[in-house]
Structures are given as C-alpha cells and as structure tokens.
Amino acid sequence: MFEPINCIKGVTLVFSKNNDLILQNAQGEVYFNNLMLGKFGLQIEFLVWNHKVFISDWEGNYWIFSNDAMLLDAGKGKAFYYVCESFLGIQFLVDGSVYEGLIDNQDRVVFNVKYEKYNNQIAIYNNELIVLKSPQEILRLSNSNGNRRWQFDISEIGEFISPIGNKPAEVEQLIGVYGQILWVYLGNGKLIGLDAQAGKLVHELNDTPERNIHGGTMRPLADGGKRERFIHFYLDQTAGKLIGLSFNTYCEVDLKLDSPSFEYWILKEQMPSWGIKEFARNTAWDGHNSLFFFDANAHLWGVFDITQRQIVWVSDPISIPCKADSFTQLREIQCGAGKVYVLDSSQTLHVFEKSA
C-alpha cells in the first residue's frame, strides 16, 4: 500500500499538512518544501496556514514566510498556533500584558482580548475562544471585551481521581464543538459535553467496559485497565463522530445520537498477526477513512481503516540507520497528500508514498 521513497537524516522537527512539509535539521536549518527558510534556534514551533509559514521561538521571536520562501514579516512578542482552516491563533504582548487573538483567512483580526490561557488547547464557537484557565477550568471569552461568557469547573461533576497518580482528574483534551456541544475528554476516562452557548453540562459519558465492546473484553479502570482507554480523539465533523486509536483499542462515539456512548473494538487478535504489540498514542488521521499508527519498539507503522474498523496494512520493520538498541524507537507519525512521515529517535525521517 505504501512504499519507502526517502530517508532524511538529522531531522529534529517535522510538520506535514496537505502537500506541504516543513522540517528542521540538527544544525537548526528549516526547510519548507525543500526551500531553505533560514537557520533558527532549536526551540521553535512552526506551522503552515493560509499559504504562509509561521515560525516562533521560545524567546518570543517570530517569522512569517510566503509559500515561495519569501520573508513577509518578522519581529518579537508574537506566537502563532493552529486552530482550524478558518482561523489562526495568535498570542502577543502589549506593554507586558498577554493578549489572545484570532486571524481569519483575509488576515483580519476577528478576536483580540487581554487574557493568558493555560495552554494552546482551544475550541471555537461563534468566532469566540473557548480555552483552559487551568487543568480543571474551561471558559469561553467574549470577543468584544474579553469577559467570561461562562466558566465550567470539572470538579462540579463530582470528586474523582485520575487513574494515573492520586490527584484530581484534569482535562486531557479539549476536542472541539459539534453542533452546539463542546466535547471534552478527561484524564479519568470520562467524556463530557457542554452546551457551548451556555456552558452547562448536557452529556456525561462514563467508561463502561461491560457494554459496547466488540472483539474482546476490557478491564475496568479501577482494575488496571486505564492504559487501554487513554485515547487521542479526532472530531470527524462530516460523520458526526469522535474517533481514536490507542494501545490495543479503536474507539468511536456517535455524536448524532441523543445519548452518545463509547463504543470499542478490541484489536488484540488482529495485532499479533501483523507483528504489533501495542499502538503508540501518537497517531495521524488523513481526514477521511484512515488512521495511521506505529509500534514504537517494533519499528512498524500501519493503516487502520475506519469504515472496516480493522488494520488493513502494516509496513515491514523500519531500518534504523544507526546502532539499533532497546532505546531506539519510532517517535512520531504524520501524513499528508498520499505520503506518510515517520520520525525515529535517531533523528531520521522516513518518507513513504502511497503506491498506485
């Protein structure tokens, strides 16, 4: 299904989106679609949005390039992060105060408020930001004055403890808004839905391994089964579903139902025949029917078909171009325009292309 076409050594960072590829090598040089943008520090972040390349470092410096590698703007006091196809997030300093903003596809600032959020997990509703104030607090900000339209503390659901460590559960993932419902995945395996307009709890999905299980059994979280259900979810707006793959499990939540629930497919029987022991949590979704995954220690990666709900292809073991030992692993996987990029811990980027 996929053939290896390239192997690039010395890669420290990689970002793939559609037909675009950005990478940084160990010397700090950043390349965009084989065009060199310049040499930067090793603590940077970059992304592609609206036919531009945005780079920012941890010291507040930023650079903006056109898609033909021309420098459009550079300065200090701004950082950029991907929100969605319609909006780019921007964080900037004014007189020592942090502001959050949104830029649309016409380069117009449509949101600009004085506020410093907890991290870059955000959601958009009616052109306004929904952010984390803390690991337990979610709030929606007004785009007119930056005031809170609502705030929701997950402790309002009740006292619960994270299965990893004796501490209160935190927001694991601010997934996004479908319809008028904001979906949030918590660190104790619970999934909640909030009315994005009012900030009220409308759905609370508990992890119930005795129901909706296909192809095997799952242990309750309290009985050591927590690793089976720590999943990174993708929101499929077209299908109206949450999808995710992790460890030995595929999970779906049909958001179109009046009472959504977790539904699991246990893949333990499929995995050994492909040489897979465990899926890494890092996955990639092509936006359609394929989830890409890897087994970090076995040096394998593969394709999971969402419609068939099964593994349909797995690579041969990737040859690591250095002394292979127990500490050499696959680290990251990304996809775009019929290609898959797999970065290993020896800083080698393996490029694969879908065969005809």
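The values are calculated or read from the model by the stated rules, or taken from the named source; none is laboratory data. This structure is a prediction, so every number in the text was calculated from the model and none was measured. For neighbour counting, all protein chains shown are included, and Cβ atoms are generated from backbone atoms with ideal geometry for every residue, glycine included. Side chains included, ligands, DNA and RNA excluded: accessible areas come from the protein's heavy atoms. Shrake-Rupley method; radii C 1.70, N 1.55, O 1.52, S 1.80 Å.
Worth a mention:
- Ordering 319, 345 by accessible surface, largest first, gives 319, 345; the 1.4 Å probe counts only protein heavy atoms, with every chain in place.
- Residue 172 - accessible surface, heavy atoms, 1.4 Å probe, Å² rounded to 10: 60
- The alpha carbon radius of gyration of the range 233-294, expressed as a multiple of 2.2 N^0.38 Å, is 1.18.
- Stokes-Einstein D for the range 60-122, Kirkwood Rh over Cα pairs, 25 °C, 0.890 mPa s (µm²/s): 196
- Cα convex hull volume per residue for the range 5-65 (Å³): 79
- Charge dipole of the chain about the Cα centre (unit charges at C-beta), most positive-ward option of 99, 259, 283: 99
- Debye equation applied to the C-alpha atoms of the range 92-138, log10 I(q)/I(0) at 0.24, 0.30, 0.31 Å⁻¹: -0.96, -1.19, -1.21
- Across the protein chains, with a 1.4 Å probe defining accessible surface, the residues 92, 327 rank 327, 92 from largest area downward.
- Cα-centre dipole for the chain with unit charges at Cβ (Lys and Arg positive, Asp and Glu negative), debye to 20: 220
- Förster radius 25 Å - calculated FRET efficiency between residue 319 and residue 67, Cβ distance, rounded to 0.05: 0.15
- Residue ranking by accessible heavy-atom surface, 1.4 Å probe, largest first, among 251, 7, 84 comes out as 7, 84, 251.
- Carbon plus sulfur fraction of accessible area for the chain, probe 1.4 Å, in percent: 46
- Computed from backbone phi, the HN-Hα couplings of the range 295-309 come to 9, 4, 7, 7, 6, 10, 9, x, 10, 10, 8, 5, 5, 8, 6 Hz, rounded to whole numbers (Karplus: 6.51 cos²θ - 1.76 cosθ + 1.60, θ = phi - 60°; Gly and Pro given as x).
- Accessible area (Å², 1.4 Å probe, nearest 10) - residue 283: 20
- Calculated Rg and Dmax of the range 262-356 using C-alpha coordinates, Å: 13.2, 42
- Two-site FRET efficiency, residue 112 against residue 19, from Cβ-Cβ distance with R₀ of 30 Å, rounded to 0.05: 0.45
- Other-chain or far-sequence residues with amide H under 5 Å of residue 296's (modelled H): 280
- Once backbone amide H atoms are built at 1.01 Å from N, residue 203 has 193 as its partners under 5 Å, excluding neighbours fewer than 5 places away on the same chain.
- Long-range HN-HN contacts of residue 255 with modeled amide H, under 5 Å: 241, 242
- Note that the range 49-62 has calculated 3J(HN,Hα) couplings of 7, 6, 6, 9, 10, 10, 10, 9, 10, 6, 9, x, 7, 9 Hz, one per residue in order, obtained from phi through the Karplus relation 6.51 cos²θ - 1.76 cosθ + 1.60 (θ = phi - 60°); glycine and proline are x.
- Rounded to two decimals, the Cα-based Rg/Rh of the range 57-204, with Kirkwood Rh, is 1.02.
- Entries in 133/277; 117/190; 39/241; 133/339 that, when Cα-Cα distance is taken, lie over 32 Å: 133/277; 39/241; 133/339
- Qualifying GluC sites (Glu not before Pro) in the range 17-88, DSSP loop, other Cβ atoms within 10 Å at most 15: 59, 85
- Chymotrypsin sites (Phe, Trp or Tyr not before Pro) within the range 1-66, DSSP loop, no more than 13 other Cβ atoms inside 10 Å: 58
- Whole-Hz ³J(HN,Hα) from phi, Karplus 6.51 cos²θ - 1.76 cosθ + 1.60, for the range 247-264, glycine and proline x: 6, 9, 9, 10, 10, 10, 10, 7, 7, 7, 6, 5, 10, x, 8, 5, 9, 10
- Residues residue 202 and residue 126, FRET efficiency given R0 of 25 Å [Cβ-Cβ distance, rounded to 0.05]: 0.90
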